[in-house]
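Remarks on the structure that follows.
Quick note: the coordinates plus some simple rules give every number you see, no bench work behind them. Just so you know, these numbers come straight off a predicted model, no measurement behind them. We place every Cβ from the backbone using ideal geometry, glycine too, and count neighbours over all the protein chains shown.
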Amino acid sequence: MIGRPATQALHLIGIATLEQVARHSQRELLALHGVGPKAVRILKAELEAHGLEFAEGHK
């Protein structure tokens, strides 16, 4: 589970589901105030567990 700051940052830009997370790159998410490397690692693991991945431009 990601922390409250990261959750709030995602909600502020309309992200509430893993499918919505997958529409963004890691770089885009890291640019959000409150979203750090740990949150991105957790999100990546959850995406992979559901057969999803970040949008292109994440490497």
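Are there GluC sites (Glu not before Pro) in the chain that DSSP marks as loop and that have at most 10 other Cβ atoms within 10 Å, and which are they? Please report the intermediate quantities before stating the final value.
On the way: sites: 19, 28, 46, 48, 53, 56; in loops: 53, 56.
Here the sparse-neighbourhood loop sites are 56.
If the only charges are +1 at each Lys and Arg Cβ and -1 at each Asp and Glu Cβ, what is the size of the charge dipole of the chain around the Cα centre, to the nearest 20 debye? Intermediate values should be presented prior to the final figure.
On the way: 7 positive and 6 negative charges, 51 e Å.
Rounded to the nearest 20 debye, it is 240 debye.
Using a Gaussian network model of the chain whose springs link C-alpha atoms within less than 10 Å, name the residue from 32, 47, 12 with the highest mean-square fluctuation.
Looking only at 32, 47, 12, the biggest GNM fluctuation is shown by 12.
Springs between alpha-carbon pairs under 10 angstrom, Gaussian network model over the chain: which of 45, 31, 22 fluctuates most?
31
Of 14, 35, 24, whose Cα points farthest to the positive end of the dipole of the chain (charges on the beta-carbon: +1 Lys, Arg; -1 Asp, Glu; origin at the Cα centre)?
After comparing all options, I get 35.
Can you pull the percent of Cα pairs in region 4-49 with separation above 15 Å? Walk me through the numbers before you get to the answer.
Working: 316 of 1035 pairs.
Cα-Cα pairs of region 4-49 separated by over 15 Å account for 31 percent.
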